[in-house]
1. Rounded to the nearest 20 Debye, what is the dipole magnitude of the chain about its Cα centre when Lys and Arg each give +1 and Asp and Glu each give -1 at the C-beta?
2. If I stretch the segment between LEU16 and THR44 completely, what's the gain in nm (0.36 nm per residue apart, minus their alpha carbon distance), one decimal?
3. When only C-alpha pairs under 8 Å and at least 6 residues apart count, what is the relative contact order of the chain, in percent?
4. Just to confirm the number: angle between the C-alpha axis of helix 60-85 and the first principal axis of the chain, 0 to 90 degrees, nearest 10?
5. Calculate, for ILE85 and ARG64, the FRET efficiency according to 1/(1 + (r/R0)^6) with r their C-beta to C-beta distance and R0 30 Å; round to the nearest 0.05.
6. I'm spelling it out carefully: the read-out is Rg and Dmax of the Cα atoms in Å, the candidates are (1) 16.0, 51; (2) 13.0, 40; (3) 13.9, 45, and one was derived from this structure. Which label?
Amino acid sequence: MYAIASLLAVLAVSLLVTRVATVVLAASGMSGESARFQARSAFTGAGFTTTESEVVVSHPLRRRVVMLLMLVGNIGFVAAASSLIL
């Protein structure tokens, strides 16, 4: 039961992190749809190469947010995997 609860907690935090990143990216001038897609792809490490991703990399604030998302996404993956192992 503890493993399921911790997995759900990691999932909830992951969704919260991507929502906050979406808001920050949208506040920097990106469209909401594009910001949500870029936040989720950076968080999961999908690594799409599109014109939109070039727009993200060319802006310093967006680049910082995406770099943080990549780091937190990897930490979240490790946390989810460890909660399933326990």
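Since every read-out is calculated from the coordinates, none of them should be taken as a lab result. Every value quoted in this text rests on a predicted model; they were computed, and no experiment measured them. We place every Cβ from the backbone using ideal geometry, glycine too, and count neighbours over all the protein chains shown.
1. Working: 6 positive and 3 negative charges, 29 e Å.
So the dipole magnitude of the chain works out to roughly 140 debye.
2. Values: separation 28, 0.36 × 28 = 10.08 nm, distance 1.39 nm.
Gain on stretching LEU16 to THR44: 8.7 nm.
3. On the way: 70 pairs, mean separation 35.5, N = 86.
Answer for the chain is 41 percent.
4. For 60-85 against the chain, the angle is about 20 degrees.
5. Details: r = 32 Å, r/R0 = 1.07.
So, using R0 = 30 Å, E works out to roughly 0.40.
6. (3)
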